[in-house]
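**Q** Before I ask anything, let me first share the structure, which is written out below as structure tokens.
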Amino acid sequence: MSKRKKMLLSSIMCSLILGVSAAPVSAETIETFNLDEMVVESSRNHKTPLPGGFNNDSSRVGLLGETPVIKAPFTVQSITEDTVSKMAIPNQDLDTVLSNVPAIRTGTSPIKTDFSIRGLATNASAYLVNNIPGFFIMATGPITNTVGSIDAMIGPAATLNGSTPSFQANYLSGATPGAIYLNTKRAGEDDFIKYTQTFGGHGDYGEYLDISQRFGKDRNIGVRIYGQYDDGGLAISGAGQRKKNLFANVSYEGETTKTNVFGGYYDQKFMGTERRFVLDKSATKFPDAPDASKSFDDPKVMH
């Protein structure tokens, strides 16, 4: 091999060696990214109002727990607090709200809480307050301004969480047409103070106070206080009533436990509100309708 070719070959080899040694030796690179701030929102109320805001999408169905209404194995309707506040007549009980449930019929003497579920008569003894029965009786109804939501369970399957039999006698005695679960107002996410006035026919006037506040490091303690004063006449001539009440609901939500305490005071006075007629079984014809301008009431006041 000529000297010139040897020098050319040596130059090529040197170039190759230098090229290899000059190549960078890099470890595996890991790309990192900084995500934008992410906010996850939730609610202490597991129920979500359906479009329109009058009914919730789920209900606590006894042993089944919180269940979507559409998946409940029997008829159930969950009424929102918004519905109660808009449809409850201030000087009356929950009849005007329960009439939104197709299976329920209401309407009786002002001092009675009677209503029927699928044709079976019952009364306020069928109400459960925060799943506890026995708060109310036939002549003592629930305090409307304390109700946050209503779960109406229709049919004998309501015994999943307990229910009250119909008071009807004879062959219908013991029937369980359903149960009405009243959930008291509790402190929500937002703090507020609300004062409301109402005016109705026959000189009825009402005042309402509603205060909601959360406390604690994680705002896991809630206090809600609500009161009512209402006084005035009813649609029946000469009848009226006066309502005074003040209630408080204290709730706590920890990581593994939930606690709720509800209590208060109410004073309800009726004036000339009882008028009921019963047709004796010996009657052979219907009597004429009573004169609505006359008072057939017991002169004693129910308090």
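The values are calculated or read from the model by the stated rules, or taken from the named source; none is laboratory data. In this text, all values refer to a predicted model and were calculated from it rather than measured experimentally. Glycine also receives a Cβ, built like all others from the backbone with ideal geometry; neighbour counts cover every protein chain displayed. Quick note on the areas: whole protein, heavy atoms, side chains included, nothing else; ligands and nucleic acids left out. Shrake-Rupley method; radii C 1.70, N 1.55, O 1.52, S 1.80 Å.
**Q** Tally Lys/Arg at +1 and Asp/Glu at -1 over every other residue whose Cβ is under 13 Å from the Cβ of residue 124; what's the total?
**A** My count for the surroundings of residue 124 gives -2.
**Q** Same structure again: With r as the distance between the Cβ atoms of residue 235 and residue 130 and R0 = 25 Å, compute the FRET efficiency 1/(1 + (r/R0)^6) and round to 0.05.
**A** Given R0 = 25 Å and the Cβ-Cβ separation, E is 0.20.
**Q** So, by mean Cβ neighbours within 10 angstrom, what's the order for 278-287, 114-123 with the highest one leading?
**A** In descending order of packing, they fall as 114-123, 278-287.
**Q** Students often check this: by mean Cβ neighbours within 10 Å, which of 247-259, 219-231 ranks highest, and how do the rest follow?
**A** The most tightly packed comes first, giving 219-231, 247-259.
**Q** Let me ask something else. Sequence gap at least 6, Cα distance under 8 Å: using those rules, report the relative contact order of the range 177-291 to the nearest whole percent.
**A** For the range 177-291, the relative contact order is 19 percent.
**Q** How do the peptides 260-269, 142-151 rank, highest first, by the average count of neighbouring beta carbon atoms within 10 Å per residue?
**A** On the way: 260-269: 13.2, 142-151: 22.9.
Highest to lowest by the protection proxy: 142-151, 260-269.
**Q** Just subtract the alpha-carbon distance of residue 285 and residue 39 from 0.36 nm times their residue separation and send over the number in nm, one decimal. It would help to have the intermediate numbers written out before the result.
**A** Numbers: separation 246, 0.36 × 246 = 88.56 nm, distance 7.32 nm.
Residue separation times 0.36 nm, minus the Cα-Cα distance, leaves 81.2 nm.
**Q** With a 1.4 Å probe and all protein chains in place, put 82, 93, 288, 218 in order of accessible area, largest first. All intermediate terms of the calculation are to be shown ahead of the outcome.
**A** Details: 82 60, 93 30, 288 140, 218 110 Å².
Correct descending sequence by accessible area is 288, 218, 82, 93.
**Q** By how many nm would the segment from residue 261 to residue 205 lengthen if fully extended, with 0.36 nm per residue of separation less the alpha-carbon distance?
**A** Values: separation 56, 0.36 × 56 = 20.16 nm, distance 3.02 nm.
Gain in length upon complete extension: 17.1 nm.
**Q** Let me ask something else. Under the 0.36 nm per residue contour assumption, what length would be gained going from the current alpha-carbon distance of residue 213 and residue 252 to full extension?
**A** Roughly 12.8 nm would be gained on extension.
**Q** Residue 267: net charge of surrounding residues, Cβ under 15 Å, Lys/Arg +1, Asp/Glu -1, itself excluded? Display every interim value, and only then the final one.
**A** On the way: positive: 242, 243, 244, 269; negative: 207, 230, 231.
Residues close to residue 267 contribute a combined charge of +1.
**Q** Per residue of the range 225-233, what does 6.51 cos²θ - 1.76 cosθ + 1.60 with θ = phi - 60° give for ³J(HN,Hα)? Whole Hz please, x for Gly and Pro, Karplus curve as stated.
**A** Working through the residues one at a time gives 10, 9, x, 9, 9, 9, 8, x, x Hz.
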